[in-house]
Every structure is written in C-alpha cells, then in structure tokens.
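Here the structure is laid out as structure tokens; the discussion comes afterwards.
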Protein chains: 2
Amino acid sequence: MTFQVYDTTLRDGAQREGLSYSVVDKLAVARLLDEFGVGFIEGGWPGAVPKDTEFFRRARTELPLRHALLVAFGATRKAGVAVADDPQVRALLDAQTPAVALVAKADIRHVERALRTTGAENLAMVRDTVAHLVAEGRRVFVDGEHFFDGFRHDPAYTASVVETALAAGAERFVLCDTNGGMLPSRVTAAITDLTARTGIAPESFGMHAQNDTACAVANTVAAVEAGVRHVQGTANGYGERPGNADLFAVVANLQLKLGLPVLPDGCLEQMVRVSHAIAEIANIAPDTHQAYAGAAAFAHKAGLHASAIKVDPLLYNHVDPSVVGNDMRILVTEMAGRASIELKSRELGLDLAGHPDAVSKVTARVKELEAGGWSFEAADASFELLVRSELPDAAPARPFTLESYRVLVEHREDGAVVSEATVKIRVRGERVIATAEGNGPVNALDEALRVGMSKHYPELRHFELADYKVRILEGTHGTGAVTRVLVETADGTGRDWTTVGVHPNVVEASWHALVDALTYGLDQAAVSNGHS
Amino acid sequence: MTFQVYDTTLRDGAQREGLSYSVVDKLAVARLLDEFGVGFIEGGWPGAVPKDTEFFRRARTELPLRHALLVAFGATRKAGVAVADDPQVRALLDAQTPAVALVAKADIRHVERALRTTGAENLAMVRDTVAHLVAEGRRVFVDGEHFFDGFRHDPAYTASVVETALAAGAERFVLCDTNGGMLPSRVTAAITDLTARTGIAPESFGMHAQNDTACAVANTVAAVEAGVRHVQGTANGYGERPGNADLFAVVANLQLKLGLPVLPDGCLEQMVRVSHAIAEIANIAPDTHQAYAGAAAFAHKAGLHASAIKVDPLLYNHVDPSVVGNDMRILVTEMAGRASIELKSRELGLDLAGHPDAVSKVTARVKELEAGGWSFEAADASFELLVRSELPDAAPARPFTLESYRVLVEHREDGAVVSEATVKIRVRGERVIATAEGNGPVNALDEALRVGMSKHYPELRHFELADYKVRILEGTHGTGAVTRVLVETADGTGRDWTTVGVHPNVVEASWHALVDALTYGLDQAAVSNGHS
C-alpha cells in the first residue's frame, strides 16, 4: 500500500497552548505543508469551528495543492441519531474535501463515561458514519481515539472498533496514543498483538502519537518498523500538552534512517524553510534545538575539536545538514578559541589567516562582551562589524556619530499614549537634529534616526525592521540584570541581517542594535553599488 | 547491579548554544540535581576548563551532597605519553572526586583522523588511564565516544575498546550516540550484538544519547529494556545541537512506565521544581511543552470535553501529574467556552455556579481581549481580577486612578543613559504627583508609582518585580504588531503572581501589567490582614 504522510497541524496541532490561526494563516500554512510534500492536510473541523468551515470554503478556490489532499475532520454520528440527520456529519460533506477523518472512541471507558452510550451503539456509530461517507464518495480515515489505552484495558472491544471501521470501508484505521503515554517497544507489541488478534495486516493502520513521554517521534518510527504505512504528525510537533509527533523529524527519520522515500523528490530539503515559516505564522519562536530543523541542529561549539570539524565535517554530523535544508554552524562562544573565531569569520567571507593580531583582539573582545551578556550566536552582522573593525582594510564606514538622544513616552489625561524621540547626530560633517513619533519608544528612536540620516542616505527607506526580540538576562552571573535586544532588518531584496545590543536600559540596548543594523546595511548597500 | 542515574548537565549539557554557567551557578545546579536524587553528577573537566577546576575545589567544602557522588570528566592520556606524566590525567586526580569519567574514542575513524594515532595506541591509552585511576582509588566510567557509529563501521575494533576498558577496571562502559543518529530498534540491536560478540552482560554498559533524531529519551529507555543499568542525561535535555536525553523524562519513564525505582523515595515529585530552578539558573525560558515537567505538560484546552475532564481527570492524563510535582491545568483560551471559564475560576477559588451572567460577561471579555493579543494562560492574577470585577461582592479594590504618566529616556552628551518617570495619580482621594528614576523606562515607571502610593500603602515596599518578559506579537492576524508583557511579582513571603498587559507601546503594555500586579498584591495583602 502507498505510504501516507498525513499532517494535522491545522487541526490537532492547533490545540497547542497559546496558538490561534486566522483563516488566512491556515491557508498559508496549508500551502507550506503542500510544498513540503505531505500527502494529506487535515484542515479542521467544519461545522464545529466556524473558522474551519470558512477555511474549507475558501480552500476550494484559493488553495491549488500540488501534492496534498485536503481532509475534513469530524466525529462519528451522535448516539441515537440517524447518520443522515446528523448536522455535524452533514457539515463534513459540505466541506467538499476528497477525504474525511472521523474520530471514533476506541476505549470502552471513554464510550461509557465520556460519550455515555453503549459499546454496541458506538460500533454502530462507527459503521453508519463510515458507510455513509464512503457512499457519498469520500475516502475515509478513522482515528481510534485512546486506542492504545483501550487496547490494553479491553483488547477485544478495541479490536472490534478497528474491525468495524475497516469493514465499513475506512481506508486506514489510525492507532491514536491520545494521552501520549506509550513507549516504542509497547507500540510494537500492540501492533503485533492487534494483527494476531484480527488478522488485519499493519499496512491498514496509521499511527498518531503524542509526546507526553518524549517518545512521539520514536513511537511513530516504531509503528512504521512494525509495518504501519500511514503516519500522522504536526509541523514542529505543535499540539496539546507536550505536543504531537514532529512530522519533520518523523519524515527525516523515515527517509534518511529507514530509507523510505515517503516524500516526493525535492521536498525534504524544504524542511527548514517550511518549519520556520510555519513558526512565523503560528507566532511561535522557532525551537533552536529542534532535531533536523532547528537553527542549532547542526551547530557546534567548536572549542576543542574545531580543527577536526574543519577537516571532516561528516564525522561530526549524523546526516548531511543540506538534505533537510539546514547548515552546519560554528558558534562563537566564550568556550571558543582562536580557531573558531577564524572558522566563523571564514563562514562570513573574512579571511583572518594573515592577521593573527586581529584574531587575538577579536577573541578578547568577544570574551569581554559575552561576560557582559552579549551573544553573537544569533547576530552575525554585529559579529562581522566587530571582526572587520579590527582588520586594516575592511573596517566598515560609520555613517554618523551620536551626540545625544531623548525618548519620551506619555500617557496623557485623555488616555492617548504617544512616543516621541529626538536624536542629535553628526552625518558627513553636518550636525542634524531630528524628531519623530512612533508607536513605541524604540520605533520612535528608529524613525528619528532615519529622518536625520535620510538626506545623506536615501537607500535607508528600503530598510525595514523585520523582527525585534527582547530578552531580560537575570543578574545570576554577579552583575545586575541587563536587557539583550536582537533586531532583524530586511532591505526588501530578500537580504536580512541580525544585530544585537545589550544594556541595563532597554532603549539603549535597542539603540546599539539599531545602529549596528544601519551601519551594516548601509555598508552592504555601498558594496553592492560598487562604492567601498 | 545497582541502577545508576548519571547526570551530565554541568559538563555535556553546558555545550548548549548560548549557555554559560558561573562557578556559583554550577554549585547551585549540583545542589538541585542532588535534591532530585541522581546518583552521579558530572561536574566538568578540571584542568581543561579553569571554571571547572574551581568548581571541584569549592565543591569540597560548599557542596555536601545527600544522594549524589561528584564525577570529574576528562580524556584518556595523550598518545605517546606515559599516563603518570600526563597533566590532564593529573588534574583529574587533583579534583579529588570519588569517581572519574574518561572519554575514549570508540570509532576507529576518529582514532585515526581526529586523534591521529593507531588503534593499538588508543587501546593502550584506555588501558593505562583506567588502570592508573583505579590504582589511585577512583571509580572509573568510560564514555565510548561515537560508540554506535564505530560499532556499525568496524564492530571488532569498537568491541575491543569496550573489552579493554572493562578489563582494565572500568565500572561501566557507556555507549555514546555522540552524533545522535540512532533509533530505538537500532540501540536494541547494537546492545544485543555487542553482548553476543563480547560475552559481556548489558548490566556493564551505560547509555548516553543525543537528540538529533528526536529519539534520545526513547533510545535511552530502549537501552534499559535491553538490560543497561546506567543512564546518562541532562536536566531539561540541555546539550549541544538538539541536546542530550532529558534526564527528567528518562527517569519518569523508567519509574512510571517500566516500574524501576531508580530514584530515592520522595525525589520524583521534586522534578518540576528542580527543572524550573535549573532553567532559571541557566537563564533559559522553561520549555512550556516539555514532557512531564512543562507547565503545559498536563494543560488541556478544555473546549469540547471540559465536562468529561471534570468528572474523570485520569482518563485524560497518562500519569497523575502530582507524582512529578506538576498539576493539571485548564486553559482559558478563545476555544474555551463557559465550562472552562467556570473550571478555571474554581481552580482559583471563585465559585461562579450561581452567577451565569458573570460567566457570560467574562467569557465575552476574554474572547475580545484574546483577539487583541492578550493571553491569560500564564497570568492567573490578571484573570482573577477580570473574573472578580464581574462578581457583585468580590470586585477588587482599585488602589488608585491614573491621570497621566510621562517617561523620559535620555542618552546624554557625556554618554550617561538616564530614565525618569512622573506619574500623576489619585490615591484615596488625594492627588499625587511623583517622579522617580530607574535603570530603564519600565523600572522608572514602577518606582514612580510606588513612590506615589507608599504613603497610603506601606506594604508595597515588600513587593518585588521578580520577572519581566516581553513578547512582540507580529501583526499576522490582521492587526498591527503589539507587545505583550508578563510581570511576575513576589511579596517576600514566598507568594508570587503573574499579570499581563498588551499594547502597541511596550511602556503602556508594561503599565497595564504593573497596575494589575499592584492591585492584585494589595488586595491579597488586605485579605491576609483581615480587611476586605
């Protein structure tokens, strides 16, 4: 049977604490999932969630998908109601998707205590709903909710739910570890046992794992090793409680470790891009340490073996990072010595081989700044400025010098909140005083600086503050608390760069990062324009 | 053989990107790990890392441990050098720990290409160093670096490293998945194969997993199921790249799923406290979605099955959250309806059963605020104020009303950065104007507010701003970007509470959270003092 990669980011994944997608968000996420090459996208629960009804309606015209089929999710008919009269089932058909996923209780305790009906009626609900949807031309998947707990508690009843669903025409029966308590060896044993008991081959099953034992990915891989050919998961493992199986890690393990080509050609290397774009839409900071897709997934604190990594990178990476669209990175940290400063600089196109003094100065400066809370791990542009300021011919031009600035935030008597900043700077020999308003103190300061510089640097108008992150570093290292600000700036041509500033005062920390951002951006623009 | 829980948070875990401990931090982390009941704490690499040498020196007087033994980590002797003459080995003895861990190359490719020596010399290095340390009275663990990759590439050579180490007197040989590419089934197969090949029982092995396939916890559990009786991991899974096996999840799985009592009695329930305290010291935001220990590990977006959860919580949790020191939480979210608002209120001690109108009003207000970027999931105090303001007899006293405020941040010509705030408020009928300085705009505002209120509310002096978090919410949901601020306030008696504020302007967002914090804190203080 064909291997099925089934994504439920937009349905089960949306249960994650703090997450909420608009319809536009959902359409954008679906497009990205399709680019990653998943076979099925579960889009939501039409009828039950108004936003999801709307999503399926708009998807019909706005979502041409290349690889994936859309799936509407819902429940089996209500107890005691004819399936044709159940409005929830009707809404599933109205979604007009090629496939439907039905959640069915697979644990007799949940049938009796949560659904408050009988085991026999639950089986009838499964049978009627599957048959009805199949008769209407839908491909049907049945999610056996609490399958593993139910199968352990009452194997005969749970097996009868599986048999009923498949006999009624369901394409796959999905074994759900709804509470997430499973371990891989137990997944293997349950599948073997279910097959022995029912005579149904594991190719007819799917796997849906939750991460409550930190084993969701491993449980999913174990199911595939046991013969299952349908895996469910979510982008970045988003989901309720500790989340669902991270579909990216699942798919990478299947392709790269088990050698199963579960995605169309050319899709696996979209992983990092798709992962980060979905995080962006979900408005969740990407998990730097995520397996395969994280920015640090192939990042080495060089320190002791920087030289060995230089010679033979594949001895230190479990897979080639480029196959999932990632890169190996060497981190600039206080544990790093001269070798990693050199290595990192080379990554940025700066050859320090002939400048041992510059290496010494940069290494000392990095150590000193990091002791004060600075971190260059995510701020390559600030690091590059720092290195280049020590190189005789590469020092970046400083576009202005600061005399003073002043920022004012007022909550006025009428309730209006206003921010205003004034900068006094010297640009190409000219003293400039500029004032601007903004929607906050940092924005006002950024605007005032741009107003003051725009006459001499018209290219500034293309720069855009793309992201702004604030981190309070507690004074656990003997100093008072400081604020670290990361600013990401984009120039509208697809180029972006990140700079850092650290200070006890958030406005001053932001100022440092803003100045680095403009300095770096203007310098790069000058290089592109052939000036130096 | 005794089961060994072996922690390497302070050594391998410190390789995590962005992480840096002071000696004081390391001592504090070691105390916490001991409270969690681990058997061994690997404290660092004396000699190679000056901070670690200092840690072991201070540990001798400042670290009385109840459960754990300290372990010094280092390498086998250098190639071609007598072990007694190797300063790195000398430093291991000078650390004066009862046990030593030695990293040994277990992959012939790393022996030849990174160490640049022969397989035979590598074996001699292992033999000499183990024997030397054992003769000096140390318990010795050998970490077989790149064991799994090496065993796959050249099983005979890797097996000879294992045999050499154990024959020389090592207590356990630790199978390290250094590059993190393993899957549970392959761990099982390798251990079975190693035992068949060497005749050494798996009880003599340890397991050290990295999380590059998102399977580190599962790989460790699989090793234990295969007979291994020594597990390595780090607090919260901190470590290089995607990290190490999360020792908390490993231990919880072993105790709660496999029924192995690997920790002393009473220790498992320290998990959440220890996990969060270590995150605090490491200055890493706790992972809300971490299995077992995360704040959301047992958090349910109630929505559809709120009523079922109320009746039978254990049908929806894979273990009782209290056994790891965690709680079940019902989240207040836009997906939640009246039932979860009621449930959450009851959690806070507010019975809404007799107030259907209040429930409606709160539900509507929560939906409206969440659409604007507010989130009450982490801000119980703000949620409680919101609910109580709708209850006739429970509305909290508002300690002041605001007329206006003004905050000024200046970077002066002499380079000094100053922040100053003025508030104009009305407190108990009196108009008050107060000005204060601070180390940043929000701190200045907080100080000015306290100055203005201190005459009427002297108890304010005990309140301390314990944590301050800023999040920029991108305008992906059709609105402009807003800033969400969470403020945690403590009153010095062990009580703390969290409040939230949202606004496009970070100062105004902070103001909202500060006002809620003072309102809630003063109200609670009044209740404790018997006023109302």
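The values are calculated or read from the model by the stated rules, or taken from the named source; none is laboratory data. Model, not experiment: these values are computed from the prediction. Cβ coordinates were reconstructed from backbone atoms using ideal geometry, including for glycine residues, and neighbour counts include every protein chain displayed. When the accessible area is computed, the model is the full protein with side chains, heavy atoms only, and any ligands, DNA or RNA have been set aside. Shrake-Rupley method; radii C 1.70, N 1.55, O 1.52, S 1.80 Å.
Looking at the protein assembly as shown, the DSSP beta bridges with both ends there are about 55 percent antiparallel.
Working from the Cα coordinates of chain A, the gyration tensor eigenvalues give, after taking √(5λ), semi-axes of 53, 28, 20 Å in decreasing order.
With distances taken between every two different alpha-carbon atoms, the range B:400-456 has a Kirkwood hydrodynamic radius of 11.5 Å. Whole-percent P(r), the range B:1-129, all Cα pairs, 5 Å bins from 0: 2, 11, 19, 20, 17, 14, 10, 5, 1.
Starting from the Cα gyration tensor of the range A:4-282, take the square roots of the eigenvalues, sort them a ≥ b ≥ c, and report rounded, prolate or oblate (rounded when a/c is under 1.5, otherwise prolate if a/b is larger than b/c, else oblate). Note, shape of the range A:4-282 comes out oblate.
Residue by residue along B:506-512, Cβ atoms of other protein chains within 10 Å of the local Cβ number 5 on average.
For B:Lys455, a cut-off of 16 angstrom between C-alpha atoms picks up these aspartates and glutamates, skipping any fewer than 8 places away in its own chain: B:Glu430, B:Asp446, B:Glu447.
Applying D = kT/(6 pi eta Rh) to the range A:197-238, where Rh is the Kirkwood radius over alpha-carbon pairs, T corresponds to 25 °C and eta to 0.890 mPa s, the Stokes-Einstein value obtained is 225 µm²/s. Taking 40 Å² as the minimum loss, tell me which residues in the range A:239-268 lose that much accessible area going from the chain by itself to the full protein complex (1.4 Å probe). Residues of the range A:239-268 that lose at least 40 Å² of accessible area once the other chains are added: A:Glu240, A:Arg241, A:Pro242, A:Lys257.
Peptide A:316-322 has a mean of 4 when you count, residue by residue, the C-beta atoms of other protein chains within 10 Å of its C-beta. Averaged over the residues of peptide A:178-190, the number of Cβ atoms from other protein chains lying within 10 Å of each residue's Cβ is 4. Near A:Val432, the amide H atoms lying under 5 Å from its own belong to A:Ile425, A:Arg426, A:Val427; only residues 5 or more places off or on other chains count, and H is placed 1.01 Å from N.
Here the range A:21-163 exposes an accessible surface that is 52 percent carbon and sulfur, computed with a 1.4 Å probe and the other protein chains kept in place. The range B:31-107 and the range A:29-79 have Cα centres lying 55 Å from one another.
Computed packing ranks the peptides A:412-424, B:283-295 as B:283-295, A:412-424, most packed first, by mean other Cβ atoms within 10 Å.
Each copy carries A:Ala156; placing its label point 7 Å along the C-beta direction from Cα gives inter-copy distances of 5.7 nm, listed from smallest up. Distant-in-sequence amide contacts of A:Val174, defined by a placed amide H-H separation under 5 Å and a gap of 5 or more residues or a different chain, comprise A:Val142, A:Asp143, A:Gly144, A:Gly206.
Sorted shortest first, the separations between the B:Val527 label point and its copies elsewhere in the assembly read 5.9 nm; each point sits 7 Å from Cα along the Cα-to-Cβ line. Take every Cα pair under 8 Å whose residues are at least 6 apart in sequence, average their separation, divide by the length of chain B, and the relative contact order is 9 percent. Of A:Lys367/B:Lys51; A:Lys78/A:Lys105; B:Lys51/B:Lys78; A:Lys51/A:Lys78; A:Lys367/B:Lys469; A:Lys301/A:Lys367, which sit over 18 Å apart, Cα to Cα? Exceeds cut-off: B:Lys51/B:Lys78; A:Lys51/A:Lys78; A:Lys367/B:Lys469. Here is how the number arises for the protein assembly as shown: DSSP H runs of 4 or more residues each give -39500 (n - 2.57), the sum is divided by the residue count, and the result at 222 nm is -11000 deg cm²/dmol. Peptides B:126-135, B:430-439 ranked from most to least packed, by the mean per-residue count of other Cβ atoms within 10 Å: B:126-135, B:430-439.
Scalar couplings 3J(HN,Hα) for the range A:10-19, obtained by applying the Karplus form with A = 6.51, B = -1.76, C = 1.60 to θ = phi - 60°, are 7, 10, 5, x, 6, 6, 4, 3, x, 9 Hz; x denotes Gly and Pro.
At q = 0.14 Å⁻¹, what is the base-10 log of I(q)/I(0) for the range A:87-147 according to the Debye formula with one equal point scatterer per Cα and no solvent? Please give it to two decimals. Debye intensities relative to I(0), on a log10 scale: -0.40. For chain A, hydrophobic long helices are taken as DSSP H runs at least 27 Å long by C-alpha position along their axis with mean Kyte-Doolittle hydropathy of 0.5 or more; these are A:506-528.
Take every DSSP beta bridge whose two residues both sit in chain B; close to 50 percent of them are antiparallel. Distance from the axis that maps chain A onto chain B is least for the Cβ of the chain A residue given, with the whole Å value, as A:Ala218, 2.
Sorted from closest to farthest, the other copies place their A:Ser404 label points 2.3 nm away, with each point set 7 Å from Cα along Cα→Cβ.
In the protein assembly as shown, the C-alpha radius of gyration followed by the widest Cα-Cα span (Dmax) gives 30.0, 87 angstrom.
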